[in-house]
Ligand SMILES: [Zn+2]
Ligand SMILES: [Zn+2]
């Protein structure tokens with residue numbers, strides 16, 4: 001199909017913009033790409049590393065006169081929390097600090113979990129040292145309280161990380177687009193450019209929405225007005241072996257009912273999700289900002305479930321939709337190989353055509369945790 005489309009495509013003349021959408025002249029872009037030297041995995045790794053060394057402060061009042069100290073590795077899951085599940089200062093994660101295509105090529109394209117030091121785990125260089133400690137002091141230095149302020153801080157950090165990473169990925173993909181298809185046949189060039197353009201389009205929409213959302217959070221935090229925070233928090237009886245801080249935009253509810261189109265041009269309703277330890281117990285926190293029918297419908301579909309089901313539903317949710325989660329080495333060792341393979345399978349990137357199974361939170365024959373839910377707290381009406 002692609003071959004046919006490509007073969008019928010009118011090639012631009014040398015000085016016209018290239019067909020790939022890069023904005024460059026054809027002669028400086030794809031005209032001779034087939035004859036260029038093909039790219040090695042280590043060269044792509046250099047690009048990925050180069051675009052992941054961005055550092056800036058995302059605090060609402062960030063600026064030359066207000067920031068102080070270096071840009072730090074801000075933890076989305078604090079070290080003190082990860083410490084509760086670490087083995088020799090390490091946890092497991094799919095999110096290694098330096099993603100590498102070289103490693104991927106050794107594992108035949110599969111992303112495998114790795115041990116990561118808790119000082120590196122979950123970090124992003126998105127706050128200066130002063131603003132990081134000032135802003136997140138309430139949830140870093142005090143026990144987590146079920147309240148709008150603490151919930152907002154959890155959510156804000158997840159939103160900032162998500163925005164930071166998507167901006168980084170966008171920059172990285174733009175560079176990759178310029179070299180990935182060197183030395184390839186024109187049909188393959190077209191295939192790669194199409195896939196990258198779809199990803200760039202989606203990223204662009206996500207970045208736009210996350211920037212807008214961050215502005216709303218910034219305003220609320222600046223005025224210490226936490227009233228628009230909506231939380232749905234499940235408390236349970238043990239320290240969570242998996243800890244998480246991430247954001248997503250629900251597409252389906254628990255039953256698989258569609259809540260919105262998978263690629264929506266309108267603004268997305270972001271929902272943040274955290275699994276955190278609180279002394280000897282734990283909490284699962286869904287948090288969003290303002291009135292969102294989509295987030296509310298999503299939570300309502302989960303709220304119908306009995307307590308016994310909820311912890312594993314939450315884990316399936318994290319494994320299916322999120323990536324910024326970390327787990328105890330002792331827990332990983334306790335799983336059988338089939339469960340480990342299932343978790344690894346869930347993490348692998350989905351093809352643009354594939355997407356996530358709408359029923360991914362429903363029982364699938366695997367149970368991951370035995371947490372006992374003791375209460376559900378929320379600050380809105382169903
Ligand atoms: Zn081009
Ligand atoms: Zn700052």
**Message:** Return the pair list, or none, for Cβ contacts closer than 7 Å from residues in region 55-69 that are on the phi < 0 side of the Ramachandran plot to residues that are more than 6 Å from ligand 2 (Cβ to nearest atom) and in a loop (DSSP other than H, G, I, E, B), at least 6 apart or on different chains.
**Reply:** none
**Prompt:** Can you tell me how many residues in region 124-142 are surrounded by fewer than 22 Cβ atoms within 10 Å (Cβ to Cβ), modelled with pLDDT of 90 or more and either within 16 Å of ligand 1 (Cβ to nearest atom) or outside any helix (DSSP H, G or I) (or both)?
**Reply:** 1
**Message:** Being out of contact with any helix residue (DSSP H, G or I) (no Cβ under 8 Å at 6 or more places or on another chain) and within 16 Å of ligand 1 (Cβ to nearest atom) narrows it down to one residue among 215, 195, 182, 208; which is it?
**Reply:** 195
**Message:** Against the conditions (1) surrounded by fewer than 19 Cβ atoms within 10 Å (Cβ to Cβ); (2) within 16 Å of ligand 1 (Cβ to nearest atom); (3) part of a helix (DSSP H, G or I), where does residue 190 fall short? Just the number, please.
**Reply:** (1)
**Complete:** The one condition residue 261 fails out of (1) assigned to a strand (DSSP E or B); (2) more than 21 Å from residue 325 (Cβ to Cβ) is (1)
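Conditions tested, residue by residue: (1) under 20 Å from the mean Cα position of the chain (by Cα); (2) more than 16 Å from ligand 2 (Cβ to nearest atom); (3) over 17 Å from residue 180 (Cβ atoms).
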| position | (1), (2), (3) |
| --- | --- |
| 6 | no, yes, no |
| 33 | no, yes, no |
| 40 | no, yes, no |
| 48 | yes, yes, no |
| 60 | no, no, yes |
| 64 | no, no, yes |
| 70 | no, no, yes |
| 76 | yes, yes, yes |
| 83 | no, yes, yes |
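Residue-by-condition table, conditions (1) closer than 30 Å to residue 192 by Cα; (2) assigned to a helix (DSSP H, G or I):
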position	(1), (2)
306	no, no
339	no, yes
345	yes, yes
371	no, no
**Request:** Go through 298, 317, 273 for me and flag whichever is assigned to a strand (DSSP E or B) and at pLDDT 95 or above.
**Result:** 273
**Request:** Restricting attention to region 41-95, report how many residues are outside any loop (DSSP other than H, G, I, E, B) and touching a strand residue (DSSP E or B) at 6+ places or on another chain (Cβ under 8 Å).
**Result:** 11
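The values are calculated or read from the model by the stated rules, or taken from the named source; none is laboratory data. For clarity, every value in this text was computed on a predicted model and none was experimentally measured. Heads up, the Cβs are rebuilt from the backbone with ideal geometry, glycines too, and the neighbour counts pull from every protein chain shown.
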